[in-house]
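These notes concern the structure reproduced below.
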Amino acid sequence: MSTVGIDATARNDLLDRGYSRRQIGQVAALLGAAASITAFKPAFAQSQAARAVAGAVQIGANECWTGPFPVAAEAAAKVVAQGNRYDPGDLRGQFIKTVAQVEGVAEDRILPWPGSGDPLVRSVIAFCSPEKGLVTPDPTFESAWRAAAWLKAPVAKVPMTPGKGADVKAMLAANPAAGLYYIVSPNNPTGTVTPLADLAWLAANKPADSVLLIDEAYLHFSEAPSAIALAKDRKDVIVMRTFSKMFGMAGMRLGLTFADPALHKAMMRYDGYQVTGTLPVTALACGTAAYTAADAIKARRAQMIGVREETFAHLAKRGIAYHPGSEANMFMLDWKTRPAKEMQAKLLAEKVQIGRSWEIWPTVSRVTVGSSEEMDKFKIALDKVLMA
């Protein structure tokens, strides 16, 4: 298997950490596939929920119900005319500077990415190995599991309690010598928040040579505090963000990580800085304009919460169970005695695409909170399916 793009120093690092030469080839495959995940079926097969069905309500992939903020869309449209240039006006530098100012973080601790899939996979490669495992809550976003399994790194999944965040003490107990502890907060798929105090406890008590990765893809939908303060001061914590959710930029591919420069260097040592250094100028311009739109962020959050609560009221009125505690644009609907996959298919027949289920809860489906109109259609379809 080819290891093109991984230099001798990086190959030796992987060998020293217990990877076989075949697995080094798999590392190269993962890195090549991270930017084009649909082409890498063994580890990154996309959920059907993310593929639009013509005429259906799309509330299965946690996408925002609308596009970028108007000011951000205008910035992206404006830069299209300069698309003949690789870097018109240092847009990447402007993006980093803007994020640094908003978050109060040094610029050298910020790295932009084409979404968050690539840095997530890189974190597994950089900090896990056949000898150093991965620990996550269960359920959670599965890409880290798939990458670790592909590389034969041990995976420990710690069950979550419905309505609660990650059990950090149980995570540490599950593997006290792991290479990477991964927590999404608010969690995907439950929407529940892991308290900042719990994240700080895990950072303080985990092995000194391991890394804590906190994925804040949905943080802007919540009013919970960010864990960026941990990444600002520590050398073993990464905080990851994406513009695919609140900012309505899923198709534009933009994300970022906050971490000590040495951690970023470790993530990049296998194939250089090609990925982070060649981002679409439209995404950079859009993201820069969106990041300072505090009033628009607040208004969009309030809009989502209002629609989510209306949906919960409908479920309660119909006696339909759902897990409490979501602070994101999703929730877990519990069918109790009916398989989640079966119910997903029934709703799809009514032109409503809901999300997938996880093995730990086979009767529970993830549902994205869409627009008010989309959720009205969901309610109608739901009532029809349940009365059938």
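The values are calculated or read from the model by the stated rules, or taken from the named source; none is laboratory data. From a predicted model like this one, the values you see are computed outputs, not experimental measurements. Every residue, glycine as well, gets a Cβ built from its backbone with ideal geometry; the counts of neighbours run over all protein chains shown. Just so you know, the surface numbers come from the protein's heavy atoms only, side chains and all, with ligands and any DNA or RNA stripped out. Shrake-Rupley method; radii C 1.70, N 1.55, O 1.52, S 1.80 Å.
Structure notes:
- Sum of side-chain charges, Leu172 neighbourhood, beta-carbon under 13 Å (Lys, Arg +1; Asp, Glu -1): 0
- Within straight-line reach of Lys317, meaning a Cα separation under 16 Å, sit the following lysines at least 8 residues removed in sequence or on another chain: Lys379, Lys384.
- The Cα-based radius of gyration of the range 80-205, divided by its Kirkwood radius, gives an Rg/Rh of 1.06.
- Among the protein heavy atoms of the range 271-387, carbon and sulfur supply 56% of the accessible surface, probe 1.4 Å, non-protein parts ignored.
- Theoretical gain in end-to-end length, Ala349 to Lys298 [0.36 nm per residue, Cα-Cα removed]: 14.8 nm
- Heavy-atom accessible surface of the range 49-179, averaged per residue, reaches 43 Å², computed with a 1.4 Å probe.
- Accessible surface area normalised per residue over the range 231-307 is 36 Å², counting heavy atoms of protein chains with a 1.4 Å rolling probe.
- Accessible surface area normalised per residue over the range 319-388 is 45 Å², counting heavy atoms of protein chains with a 1.4 Å rolling probe.
- Site pair Arg318 and Ala388 shows an inter-label distance of 1.3 nm when each label is modelled 7 Å from Cα along Cα→Cβ.
- Charge context of Pro339, other residues only, Cβ under 15 angstrom, K/R +1, D/E -1: +3
- Computed with a 1.4 Å probe over protein heavy atoms only, the accessible area of Tyr291 comes to about 20 Å².
- Fraction of accessible area attributable to carbon and sulfur, the range 175-243 (%, probe 1.4 Å): 54
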